[in-house]
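Single-structure report; data block below.
The values are calculated or read from the model by the stated rules, or taken from the named source; none is laboratory data. It should be emphasised that the depicted structure is a prediction, and the values quoted were computed from it without experimental measurement. Positions of Cβ are generated from backbone atoms using ideal geometry, with glycine treated the same way; all protein chains shown enter the neighbour counts. Accessible surface areas use protein heavy atoms only, side chains included; no ligands, DNA or RNA. Shrake-Rupley method; radii C 1.70, N 1.55, O 1.52, S 1.80 Å.
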Amino acid sequence: MYNIISCQKENSFSRLKNILQQGGINAVNLPIVETKTIIVTRQEIEKFKNFKEHFDFLVFLSPQGVDSLFDNIKFYGVKLKLSGVRIISVGKKTTSSLSKYGILPDIENPYTTASELYKYLIENKIVDYKKIYFAVGNNFDSSVFGKFEKSICFYSFFYSNEKRKNFDIETIKFIKKNKIDAIVFASPSEIDGFMQLPFVKDNDNFLSKKDQFPIFTIGKTTAWAVKKYGFKEIIISTLPDFEILALEILKYWGLIDS
């Protein structure tokens, strides 16, 4: 039986685990990052009473951005008014989160990464001379706004991704005891956090074998982050979806037909 470490959030791990187990793979989860809503100022949320007075576009780059914004809306008891504002979603999972609140985006990223979305918006002159608001997390790099030379960009942090300080002892024992055949990462912060764990960072035996097992990632951005740590074999999911990634892992070892 193959043993896989997953480092994703608990609420998405079950989707990966169930499919892998059916194919005979043992997957254990070691969540590296936890997401927490940031309660912004009332002044910031007041803008959402009539958002069109302030901005032309509202951009969501993750499901967490959607949920955390609505956590703030609920916290302050503000009535959201987005009429006349064009909503942009980075992908299908984010669109699904928007649908929970009765919102259908005007634009869904035709590609898979945020950088590809930016390129699409700029090259098609969709946001030229417009005011854009990004609802993002604390890892957002605002230097990207330099690409939007013909737009006016704003952003607020609605959630934070923080490295966990406590880990399940039994999971760590399992990882130390068993041969690990692959690792799954769903974000750059997961790989960064994983490589800083003492039992990884100080384990020369583990690090010396990092070119002997594959790393599976949910997308290109995560793959780029993994590559800088010297891993040689990196497999990127064809779509940023955990069910699809699970099937591709099974195909990798020939456990299901290609």
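Of note:
- Size of electric dipole in the range 165-246: Cβ of Lys, Arg +1 and of Asp, Glu -1, about Cα centre, debye, nearest 20: 280 debye
- Net dipole in debye of the chain [+1 Lys, Arg Cβ; -1 Asp, Glu Cβ; about Cα centre; nearest 20]: 340 debye
- Comparing T221, Y101, A186 along the charge dipole axis of the chain, the residue lying farthest to the positive side is Y101, per the Cβ-charge model.
- Qualifying lysines (Cα of each under 21 Å from Cα of K119; at least 8 residues distant if same chain): K92, K93, K130, K131, K147, K150, K220
- Accessible surface of the chain [probe 1.4 Å, protein heavy atoms]: carbon and sulfur percent: 50 percent
- Relative contact order of the chain, defined on C-alpha pairs under 8 angstrom at six or more residues apart (%): 22 percent
- For I234, residues with placed amide H under 5 Å, excluding near neighbours: I215
- At a probe radius of 1.4 angstrom, the accessible area of the chain per residue rounds to 52 square angstrom.
- Restriction of the trypsin sites (Lys or Arg not before Pro) in the range 178-258 to DSSP coil positions whose beta-carbon has at most 14 other beta-carbons within 10 angstrom yields K179, K209, K228, K232.
- Rounded to whole numbers, the Karplus 3J(HN,Hα) couplings from phi for the range 149-160 are 5, 9, 10, 10, 10, 9, 7, 9, 7, 9, 8, 10 Hz, using 6.51 cos²θ - 1.76 cosθ + 1.60 with θ = phi - 60°, and x at Gly and Pro.
- Measuring between their Cα centroids, the range 44-71 and the range 91-152 lie 12 Å from each other.
- Distance between the pseudo-spin-label points of K147 and K52 (7 Å out from Cα toward the beta carbon): 2.9 nm.
- Computed [θ] at 222 nm, deg cm²/dmol, the chain (DSSP H ≥ 4; -39,500 (n - 2.57); rounded to nearest 500): -10000 deg cm²/dmol
- Projecting the Cα atoms of I5, Y133, I45 onto the charge dipole of the chain (Cβ charges, centred on the Cα centre) puts I45 farthest toward the positive pole.
- Remark: relative contact order (the range 82-143) = 25 percent; criterion is Cα-Cα distance under 8 angstrom and separation of 6 or more residues.
- For the range 13-25, the Karplus equation 6.51 cos²θ - 1.76 cosθ + 1.60, evaluated at θ = phi - 60°, returns couplings of 5, 4, 5, 6, 4, 4, 5, 5, 4, 4, x, x, 9 Hz by residue, with Gly and Pro reported as x.
- Computed 3J(HN,Hα) for the range 87-100, one whole-Hz value per residue from the Karplus formula 6.51 cos²θ - 1.76 cosθ + 1.60 where θ = phi - 60°, is 9, 10, 10, 6, x, 5, 5, 5, 4, 4, 5, 4, 5, 4, glycine and proline marked x.
- Computed about its Cα centre, the charge dipole of the range 15-148 is approximately 300 debye, with only Lys, Arg, Asp and Glu carrying charge at their Cβ.
- Anisotropy class of the range 110-258 from Cα gyration tensor, a/c 1.5 cut: prolate
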